[in-house]
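No value in this document is a laboratory result; all are computed from the given coordinates. As the structure is a prediction and not an experimental result, all values here were calculated from the model. Cβ placement follows ideal geometry from the backbone for every residue including glycine, while neighbour counts extend to all protein chains displayed.
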Amino acid sequence: MSWPHVDYDTDLWMKLPDAWETTPWKGPKQWARHMSEAWWGDSDLEPTRKDLKGLAATLQACAEQLPGSHPGFDVYLHLPDPRLMPLPVFVAAVEADGDRGETLRALVATEDTHLVEKPVVEDFTTERLGTGLRSLRHTRTTEEDRTIVAGVRYAWRVEEADCDVVVVVAAPDPRRVLSALDDIDAFAGRIDVPL
């Protein structure tokens, strides 16, 4: 089965390393420090030492914690401004199985029991993957907590590669997700599955 490749905009996105052995960094802490300096350096802003350390600490936490929340997914961070909280986007391929329409609806989680309201589900077409589905959804974390989580999910069937491509975005800050929606759509449009 082929794995999705994303030709992402490096001014807006960074990819968390899959394995540290294949990178120039010894681990998450060194990577996070490097990326914080690079992100602030590419901005038009003058960071303080506290700014650099703050982003580095946030990126280190992302690198240490996010891969475990969706094992087997590649993790990308949307960060158009170093002052924002990075928005994680998870990308994976799963083996194609079952009826295309039913499977794609399940992958965009249209029947999630934690939904606050019915999700907005639309066809989503890209040049590289064809037509799939996108759902915009709001869920509640738990009945007790009642935190509203905004999410976007995408799914496509790639018959030639015998896989379904899945993209998952969710954050407890609905404004952050909605304000990034155009960038996320553009990101999704740059996903390909090399055959």
List the chymotrypsin sites (Phe, Trp or Tyr not before Pro) within region 1-50 that fall in a DSSP loop (any state other than H, G, I, E or B) and whose Cβ has at most 16 other Cβ atoms within 10 Å. 25
Mind listing which GluC sites (Glu not before Pro) in region 106-194 are in a DSSP loop and have 13 or fewer other Cβ atoms within 10 Å? 111, 117, 127, 143, 144
Helix-only [θ]222 nm of the chain, DSSP H runs n ≥ 4, -39500 (n - 2.57) each, per residue, nearest 500: -9000 deg cm²/dmol
Take the Cα gyration tensor of region 71-184, multiply each eigenvalue by 5, square-root it, and list the three semi-axes largest first, rounded to whole angstrom. 24, 18, 12
How big is D for region 98-150, in µm² s⁻¹ as a whole number, if Stokes-Einstein is applied with the Kirkwood radius of its Cα pairs at 37 °C and 0.692 mPa s? 269 µm²/s
From the alpha carbon gyration tensor of the chain, can you work out the equivalent ellipsoid semi-axes (sqrt of 5 times each eigenvalue) and give them in Å, largest to smallest? 29, 21, 15
